[in-house]
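**Q** Next up is a structure, given as structure tokens.
The values are calculated or read from the model by the stated rules, or taken from the named source; none is laboratory data. No experiment lies behind these values; they were computed from the predicted model shown. Cβ: placed from backbone, ideal geometry, glycine included. Neighbour counts: every protein chain shown.
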Amino acid sequence: MTYVGHATSDVASDRTGRSARGSRGPRPRVRDVVAAYVGLTKPRVIELLLLTTVPVMFFAERGIPSLGLVAATVVGGTLSAGSASTLNCVYDRDIDEQMRRTRRRALPRHVVSPVSALVFGLVLGVLATVVLWLWVNPLSAMLALAAEAFYLFVYTMLLKRRTTQNIVWGGIAGCFPALIGWTAVTGELAWTPVVLFLVVFFWTPPHTWALALRYREDYAQVDVPMLPVVKPAVEVGRQSFLYALATVATSLALWPVAGTSWFYPVAAAVLGAVFLVAAQRMWARARSTDSLAGIQPMQLFHISNLYLALLFVAVALDPLIGG
């Protein structure tokens, strides 16, 4: 399950005494190594993915699903997302070492070797497939495996360093949790999870481009053609607003498609209005200022996080409140 990572630091050498160039120093403590392996899985990304998985299970059940099933899906989903993120870190370790946002990750700091990280990522992927296959169902396991493969081979290896559309199409990997949550309960696909899949698909570009605006120089330095690197901020703002508009419109389509109660469309409309205002403000600032700092893209980034989280909470609460 998917993606888009968050990390901050502009320190090139680590606390263990080993610099970003690999000079030797004191051996890292066990807890530092454990923390480094956990960091490879990008826990914040996992949190977001689970937030788009579990609420869909409530909606599919039209109530409270089996706690055992939820636990198995969460464990399997965590392992799957952790595997994809770890393998992404292995492949991107060369550019991660050069970017302020990522140079404190385990591989640039040489706390974990590339081979060890590769083995760790593969083991997590195998465990994820086994857990989901045995304790959820084969369809959910295959969807999780497809998301991992898409994230690694399509986004990380094929698109990320080649096209401004990298996050648009590569972000598909992060849409799979909606499908996995639904199939975990029902054992089959339907139009309802497809709508939620599309919500995450349209949401991903404005969310990621806001972060990329903040770290535009990082991406430019390593020749990753994120949209903010190759297009002016005003164009990034315009496209972000259009994708936000598509996100809100798609979220409201869940009402007739899934036959929700009154609660969901009211919540989706209110949350959507806040999201659209944030996207429009970033676009307006880009039109009125020549200073990148004046655009304040992180406001949209944080609001987009909150929007998606609360929207999926509304998905989970709808059958409980609306009956």
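**Q** Just give me the residues in the stretch 31-54 being of a type outside the set (A, V, I, L, M) and surrounded by fewer than 23 Cβ atoms within 10 Å (Cβ to Cβ), in sequence order.
**A** Once the filter is applied, which keeps residues that are of a type outside the set (A, V, I, L, M) and surrounded by fewer than 23 Cβ atoms within 10 Å (Cβ to Cβ), the stretch 31-54 yields ARG31, ASP32, TYR37, GLY39, THR41, PRO43, ARG44, GLU47.
**Q** Moving on to the next point. Could you say which residue among SER9, SER66 is at pLDDT 90 or above and among the small types (Gly, Ala, Ser)?
**A** SER66
**Q** Among the numbered conditions (1) in contact (Cβ under 8 Å) with a residue 60 or more places away in the chain; (2) crowded, with 16+ Cβ neighbours inside 10 Å; (3) more than 17 Å from ASN305 (Cα to Cα), tell me where SER240 comes up short.
**A** With respect to (1) in contact (Cβ under 8 Å) with a residue 60 or more places away in the chain; (2) crowded, with 16+ Cβ neighbours inside 10 Å; (3) more than 17 Å from ASN305 (Cα to Cα), SER240 is out only on (3).
**Q** Scan (1) surrounded by fewer than 24 Cβ atoms within 10 Å (Cβ to Cβ); (2) modelled with pLDDT of 95 or more; (3) within 15 Å of ILE167 (Cα to Cα) for the single condition VAL266 breaks and write down its number.
**A** Checking VAL266 against (1) surrounded by fewer than 24 Cβ atoms within 10 Å (Cβ to Cβ); (2) modelled with pLDDT of 95 or more; (3) within 15 Å of ILE167 (Cα to Cα), the one that fails is (3).
**Q** I'd like the residue in the stretch 86-136 that is over 20 Å from ILE180 (Cα atoms) and aromatic (Phe, Trp, Tyr) and, out of all such residues, is surrounded by the fewest Cβ atoms within 10 Å (Cβ to Cβ).
**A** So the residue we want is TYR91.
**Q** When you look at THR183, is it more than 24 Å from ILE303 (Cβ to Cβ), crowded, with 19+ Cβ neighbours inside 10 Å and more than 14 Å from the chain's Cα centre (by Cα), yes or no?
**A** It is true that THR183 is more than 24 Å from ILE303 (Cβ to Cβ), crowded, with 19+ Cβ neighbours inside 10 Å and more than 14 Å from the chain's Cα centre (by Cα).
**Q** While we're on this one: Quick check: anything in the stretch 26-36 assigned by TED's automatic domain parsing to the domain that holds ASP96, of a type in the set (A, V, I, L, M, F, W, C), at pLDDT below 85 and not in a loop (DSSP other than H, G, I, E, B)?
**A** For the stretch 26-36, residues assigned by TED's automatic domain parsing to the domain that holds ASP96, of a type in the set (A, V, I, L, M, F, W, C), at pLDDT below 85 and not in a loop (DSSP other than H, G, I, E, B): present.
**Q** Turning to a different aspect of this structure: Assess whether VAL248 counts as being touching a Phe, Trp or Tyr at 6+ places or on another chain (Cβ under 9 Å), in a helix (DSSP H, G or I), buried (at least 19 other Cβ atoms within 10 Å of the Cβ) and free of Cβ contacts under 8 Å to residues at least 60 places away in the same chain.
**A** For VAL248, the condition - touching a Phe, Trp or Tyr at 6+ places or on another chain (Cβ under 9 Å), in a helix (DSSP H, G or I), buried (at least 19 other Cβ atoms within 10 Å of the Cβ) and free of Cβ contacts under 8 Å to residues at least 60 places away in the same chain - is met.
**Q** I'd like to check something: does the stretch 161-176 contain any residue that is under 20 Å from THR53 (Cα atoms) and of a type in the set (S, T, N, Q)?
**A** Checked against the condition, which is being under 20 Å from THR53 (Cα atoms) and of a type in the set (S, T, N, Q), the stretch 161-176 yields no hits at all.
**Q** Could you say whether any residue in the stretch 294-304 is in contact with a His (Cβ under 6 Å, 6 or more places away or on another chain) and in a helix (DSSP H, G or I)?
**A** Checked the stretch 294-304: at least one residue is in contact with a His (Cβ under 6 Å, 6 or more places away or on another chain) and in a helix (DSSP H, G or I).
**Q** If the requirement is being over 23 Å from PRO228 (Cβ atoms) and in contact with a helix residue (DSSP H, G or I) (Cβ under 7 Å, 6 or more places away or on another chain), which of these qualifies: ALA309, ALA286, ALA273, ALA278?
**A** ALA309
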